[in-house]
Amino acid sequence: MKPSQFIGREAEMTRLKGLLDKKSASLIVVRGRRRIGKSRLLAEFGKEMKSYFFSGNPPVRKTTAQTQRNDFARQLDRAGISGVKPDDWSNLFWYLSKETKKGRILIVFDEISWMGGKDPHFLGHLKTAWDMYFSKNPHLIIALCGSVSSWIEKNILSSTGFLGRITLDLVLEELPLTVCNAFWHPKESALPLMKSSSFYL
């Protein structure tokens, strides 16, 4: 299936592209309600560089910290980083950092609250990996992406562990109706305007 046309988000894309002029690595947060377009925005931005996308599993009754690490290891394998034991997050992050030491690279940790919510040591390992490994590549961008803004606010943005490390906090809001109209086929643009003032992608 042909991907849908990417429209709107010019202001957000401009802020992201501004990171490309930095002389140091960037650790950013991208948040907003589900289906608002966070992953799609980062995917479009990632077209300009080598990109790695990882996502946490939706939490269910049997989901554990080990479940999330096992799935992350499988995602590493599909990304060409094979043979990594999912024994702890520090090991997983270290192997990923080895593959991203040089060049313009985007790493996306999508649904970050699902990925680390079951493991109280997850964010500590991520912070350490950022300080010791990831930040050494001045052209690297790591995006911590999620729809549970309250978790991100409490555990990342308000955490002393990440104090001074977050380069950008990007909050995605609903697209205005004028932008939504451009999403539809031109012949449909003559239809009466919808009552809703926003549209979710």
Practice task
For Ser39, state whether it is at pLDDT below 95, of a type outside the set (Asp, Glu), crowded, with 16+ Cβ neighbours inside 10 Å and outside any loop (DSSP other than H, G, I, E, B).
Solution key: yes
Among residues of the range 117-175 being aliphatic (A, V, I, L, M), assigned to a helix (DSSP H, G or I) and surrounded by 15 or more Cβ atoms within 10 Å (Cβ to Cβ), the residue farthest from the chain's Cα centre (by Cα) is Ala129
The condition of being within 23 Å of Asp131 (Cβ to Cβ) and part of a helix (DSSP H, G or I) holds, among Phe54, Phe45, Phe72, only for Phe72
Selection from the range 13-36 of residues of a type in the set (S, T, N, Q) and either surrounded by 13 or more Cβ atoms within 10 Å (Cβ to Cβ) or in contact with a Ser or Thr (Cβ under 8 Å, 6 or more places away or on another chain) (or both) yields Ser24, Ser26
* To do: Report yes if some residue within the range 27-35 is part of a loop (DSSP other than H, G, I, E, B), over 27 Å from Asp119 (Cα atoms) and in contact (Cβ under 8 Å) with a residue 12 or more places away in the chain; otherwise report no.
  => no
Filter the range 75-98 for residues that are aromatic (Phe, Trp, Tyr) and over 18 Å from the mean Cα position of the chain (by Cα); the one that is farthest from Thr128 (Cα to Cα) is Tyr95
Within the range 47-66, residues surrounded by 15 or more Cβ atoms within 10 Å (Cβ to Cβ), of a type in the set (A, V, I, L, M, F, W, C) and over 17 Å from Gly80 (Cβ atoms) come out as Ala65
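The values are calculated or read from the model by the stated rules, or taken from the named source; none is laboratory data. If you're wondering where the values come from, they're calculated on a predicted model, not measured in any experiment. Cβ atoms come from the backbone with ideal geometry, glycine included; neighbour counts cover every protein chain shown.
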